[in-house]
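Colleague: Starting off with a structure, shown below.
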Amino acid sequence: MALQLTDAIFENEVLKSDVPVLVDFYADWCGPCKMIAPSVEQMSSEFEGKAKIGKLDVDANGETAQKYRVMSIPTLLIFKNGEVVETIVGAVPKATLEAKLNAHL
């Protein structure tokens, strides 16, 4: 199960993580977000112990979305050592997400 992120826990769970973190910025009303949701969920178990997979609802957590200039969703950011190391915008195939995350492990 992907970690449900909020503005309140973002720093501890993402920025202070000792493993890379893939964050899916989404909204419940977003069609393309729903298309990639199953891939994001699958990756949360596949990468267990190697990376964290999280989801952040931009409607409920606008502060974090604004801080990282998320203008369109889905936007997926990969964080490593508290920094954004990869930005993926739009619904992309699961293989693309896996390849980009693997590059930072």
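Colleague: What are the extents of the Cα atoms of the chain along their three principal axes, in Å, largest first?
Modeller: Extents along the principal axes: 30, 27, 22 Å.
Colleague: Among DSSP bridges having both ends in the chain, what percentage is antiparallel? Round to the nearest 5.
Modeller: So the antiparallel bridges amount to about 55 percent of the total.
Colleague: Given region 1-54 reduced to its alpha-carbon atoms as identical point scatterers, what log10 I(q)/I(0) does the Debye formula return at q = 0.17, 0.26 Å⁻¹?
Modeller: One equal scatterer on each Cα of region 1-54 leads to -0.53, -1.06.
Colleague: Quick one: Debye curve from the alpha-carbon atoms of region 50-105 only, equal weights, vacuum; give me log10 I(q)/I(0) at q = 0.20, 0.25 Å⁻¹ to two decimals.
Modeller: For the requested q values the scattering log ratios are -0.79, -1.17.
Colleague: How do 59, 18, 24 line up, fewest other C-beta atoms within 10 Å first?
Modeller: Listing 59, 18, 24 from fewest to most nearby Cβ atoms yields 18, 59, 24.
Colleague: Can you list residues whose amide H is under 5 Å from residue 86's amide H, if they're 5+ apart or on another chain and H is modeled 1.01 Å from N?
Modeller: Amide H to amide H, under 5 Å and 5 or more residues apart or across chains, residue 86 pairs with 78.
Colleague: Counting each DSSP H run of 4 or more residues in the chain as -39500 (n - 2.57), what helix-only mean residue ellipticity at 222 nm follows after dividing by all residues, to the nearest 500 deg cm²/dmol?
Modeller: -9500 deg cm²/dmol
Colleague: Ok, one more. Could you run the Karplus curve 6.51 cos²θ - 1.76 cosθ + 1.60 with θ = phi - 60° over region 42-53 and give me ³J(HN,Hα) per residue in whole Hz, x for Gly and Pro?
Modeller: 4, 5, 4, 7, 5, 9, 3, x, 9, 7, 9, 10
Colleague: Apply the Karplus parameterisation 6.51 cos²θ - 1.76 cosθ + 1.60, with θ equal to phi minus 60°, to every residue of region 62-73 and state each ³J(HN,Hα) to the nearest whole Hz, in sequence, with x for glycine and proline.
Modeller: With coefficients 6.51, -1.76 and 1.60, one gets x, 4, 5, 4, 5, 4, 9, 6, 7, 9, 10, 10 Hz.
Colleague: A further question follows. Using the Karplus curve 6.51 cos²θ - 1.76 cosθ + 1.60 with θ = phi - 60°, work out ³J(HN,Hα) for each residue of region 92-100 in order, rounded to whole Hz, and write x for Gly and Pro.
Modeller: After applying 6.51 cos²θ - 1.76 cosθ + 1.60, I find 10, x, 4, 4, 5, 4, 4, 4, 5 Hz.
Colleague: Kindly rank 32-43, 88-99 from highest to lowest mean number of other beta carbons found within 10 Å of each residue.
Modeller: In descending order of packing, they fall as 32-43, 88-99.
Only the coordinates and a few stated rules stand behind these numbers; no lab work does. Source: prediction; values computed, not measured. Glycine also receives a Cβ, built like all others from the backbone with ideal geometry; neighbour counts cover every protein chain displayed.
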